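Here's the structure we're looking at; comments come further down.
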Amino acid sequence: MTNVQITVDGTTYEDEVEPRLLLVQYLRDVLGKTGTNIGCDTSNCGACTVHLDGRSVKSCTVLAVQADGATVDTIEGLASTDGAGGDGDATAGWHPLQRAFHTEHGLQCGYCTPGMIMAAADLLRENPDPSEEEVRHGLEGNLCRCTGYVNIVKAVRTAAAELRGEEVGA
């Protein structure tokens, strides 16, 4: 067993883990962060994408011991937890990407959605105004078997506009 200290969604955790434990398994099984999905176990699908020290990674390719001392952000940490949205809008406390995936119908079964959103957040951090082609390129490591990607791309571009402070249509 190996001791690790990892800050996840703003909270620091110290645990003893098996050296072979994957970060995705640590997040889900030890911390209960089940928004991070296990999709393929081969790093092909991207359903397990999280941010490790600010960069998107497929958490099925990282050992928990490799994340020792790091900061990990998951889909659960992306939304505001400050109680915003008292006006009856259930999406008001959500991150603009979460809200855009909802309003632009960028999901169907939803299994890939957390990974797509985390990959998109990293893309928008680096490129706040991506073209459709740049969004498609930025998300190419994340697979969706339901949507055909049209509404996912639209959702990312809608969120990008909101994050840039532009008025987003209702």
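The values are calculated or read from the model by the stated rules, or taken from the named source; none is laboratory data. None of these values were measured; they are calculated from a predicted model. Ideal geometry is used to build each Cβ from the backbone, glycine not excepted, and the neighbour counts take in all protein chains shown.
Some points to look at:
- Scanning segment 1-18 for residues that are assigned to a strand (DSSP E or B) and surrounded by 12 or more Cβ atoms within 10 Å (Cβ to Cβ) returns Thr2, Val4, Gln5, Ile6, Thr7, Val8, Tyr13, Asp15, Val17.
- All positions within segment 74-105 that are touching a Lys or Arg at 6+ places or on another chain (Cβ under 7 Å) and modelled with pLDDT of 80 or more: Thr74, Glu76, Glu104
- Here the condition is being closer than 20 Å to Gly35 by Cα, free of Cβ contacts under 8 Å to residues at least 40 places away in the same chain and surrounded by fewer than 19 Cβ atoms within 10 Å (Cβ to Cβ); of Ala92, Ala120, it holds for Ala92 alone.
- Being surrounded by fewer than 22 Cβ atoms within 10 Å (Cβ to Cβ), farther than 24 Å from Arg145 by Cα, touching a residue at least 24 places away in the same chain (Cβ under 8 Å) and not basic (Lys, Arg) is true of Asp73.
- Here is the figure for segment 106-146: residues that are hydroxyl-bearing (Ser, Thr, Tyr) and either closer than 23 Å to Gly54 by Cβ or modelled with pLDDT under 95 (or both) total 2.
- When segment 20-59 is filtered for residues that are under 15 Å from Tyr111 (Cβ atoms) and either of a type in the set (A, V, I, L, M) or in contact with an Asp or Glu (Cβ under 6 Å, 6 or more places away or on another chain) (or both), the ones remaining, listed by number, are Val24, Gly35, Ile38, Ala47.
- Evaluated against (1) touching a Lys or Arg at 6+ places or on another chain (Cβ under 9 Å); (2) modelled with pLDDT of 95 or more; (3) of a type in the set (S, T, N, Q), Thr12 falls short on exactly one condition, (1).
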